[in-house]
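S.K.: Pasting a structure below so you can have a look.
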Amino acid sequence: MTRTVTALFREDFYLSTCEASVAAILEDGGIELDQTCFYAMSGGQPGDTGFFEREDGSRIPIVDTRQGATKHVIIHVPADGHARPTIGEKVVLHIDWPRRYRLMRMHTACHLLSVVCPFPITGAAVGEEESRVDFDMSETIDKDEVTTALMKLVEANHPVYVQWITDEELAANPGIVKSKNVRPPIGMGRVSLVCIGENSAIDSQPCGGTHVSETQEVGAIHISKIEKKGKENRRFRIRFGSAEDRDAP
């Protein structure tokens, strides 16, 4: 039997809590729900953590959220040693919001970096403290110049929003995909485009992750290091805080 979850996070990145019913309990303890605001690990962004609140007030800590066999299946991984809910039980979901918000800010910063460095992306990983983006490039570039360009985009406070196109529209316009090795989030019949700037003036690219609504929310960021990972591959590491924070003893 195939169960399809309503992924509320795809429509509202700021939704941190919701009610849901338990749809299935897997052999390994994984929990499937009829709907969820928990983001499932994908595209370099970690899955959400948090807890489920039961009717008696007890909590089930959730240590990870991942996709099942398809993008229509989302599995919530509970911490070991806690009681399992029952099928049909109503629970209230609570995301670890401070963690999620940092990931949203970081993920948006990665998109801004791809604007400053318009090269094919060969890999990426979004983290709470540091993220990395790998580019197919051989050019030498100064990390402070990149930081200055990033902060200019952040401080301009461009709007960040999502537009939806069909899988067929994406297939007909492959040039909008910046990632060289990672497939865009297809398979649901529609694809989310993360757009930055009025009328996508700054950027537009397929992405299923979560992002802030204005670039100013990213806050202070800087490129802490640019690593050479091959003749034509450069790894950029993004960290929160200013370059001055980076250089402080």
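S.K.: Quick one: which of 97-105, 151-159 comes out on top by average Cβ neighbours within 10 Å, and what's the full order, highest first?
M.R.: Values: 97-105: 18.4, 151-159: 16.3.
Output ranking for 97-105, 151-159: 97-105, 151-159.
S.K.: What per residue convex hull volume, in Å³, comes out for the chain when only alpha-carbon positions are used? Kindly include the intermediate steps, with their values, before the conclusion.
M.R.: Numbers: hull volume 36.3 nm³, N = 249.
Dividing the Cα hull volume of the chain by its residues yields 146 Å³.
S.K.: Rounded to the nearest 20 debye, what is the charge dipole size of region 6-95 about its Cα centre when +1 sits on each Lys and Arg Cβ and -1 on each Asp and Glu Cβ?
M.R.: On the way: 7 positive and 14 negative charges, 33 e Å.
For region 6-95, the charge dipole is close to 160 debye.
S.K.: Can you give the local net charge around residue 66? Use residues other than it whose beta-carbon is closer than 13 angstrom to its beta-carbon, Lys and Arg +1, Asp and Glu -1.
M.R.: Details: positive: 71; negative: 28, 32, 48, 64.
Here the charged neighbours net out to -3.
S.K.: Hey, got the dipole for region 73-175? About the Cα centre, +1 on K and R Cβ, -1 on D and E Cβ, debye to the nearest 20?
M.R.: Details: 9 positive and 16 negative charges, 111 e Å.
The calculation lands at about 540 debye.
S.K.: Once every DSSP H run of n ≥ 4 in the chain is given -39500 (n - 2.57) and the sum is divided by its residues, what mean residue ellipticity at 222 nm do you get, rounded to the nearest 500 deg cm²/dmol? Before the final figure, lay out each step's value.
M.R.: Working: 4 runs with 44 residues, N = 249.
Computed mean residue ellipticity for the chain: -5500 deg cm²/dmol.
S.K.: Kindly flag which residue pairs out of 71/231; 71/178; 143/178; 90/178; 152/178 have an alpha-carbon separation exceeding 31 Å in this structure.
M.R.: Working: 71/231 35 Å; 71/178 21 Å; 143/178 21 Å; 90/178 41 Å; 152/178 22 Å.
Violating the 31 Å limit, Cα to Cα: 71/231; 90/178.
S.K.: Dipole of the chain, Cα-centred, from +1 at each Lys and Arg C-beta and -1 at each Asp and Glu C-beta, to the nearest 20 debye? Each step should come with its number before you reach the end.
M.R.: On the way: 28 positive and 37 negative charges, 127 e Å.
With Lys and Arg at +1 and Asp and Glu at -1, about 600 debye.
S.K.: Would you list 37, 18 from fewest to most Cβ contacts within 10 Å? Show your work: numbers first, answer last.
M.R.: Values: 37 27, 18 19.
The fewest-first ordering by Cβ neighbours comes to 18, 37.
S.K.: Continuing with this model, one more query. Please name which of 101, 65, 22 has its Cα lying farthest along the dipole of the chain towards the positive end, using unit charges on Cβ (Lys, Arg +1; Asp, Glu -1) and the Cα centre as origin.
M.R.: So the residue we want is 65.
S.K.: Put +1 on the Cβ of every Lys and Arg and -1 on every Asp and Glu Cβ in the chain; which of 236, 157, 92 then has its Cα farthest towards the positive end of the dipole?
M.R.: The residue sitting most towards the positive pole is 236.
Here, each number is a calculation from the coordinates, and none is a lab measurement. Note that the structure is predicted; figures quoted are calculated from it, not measured. Ideal geometry is used to build each Cβ from the backbone, glycine not excepted, and the neighbour counts take in all protein chains shown.
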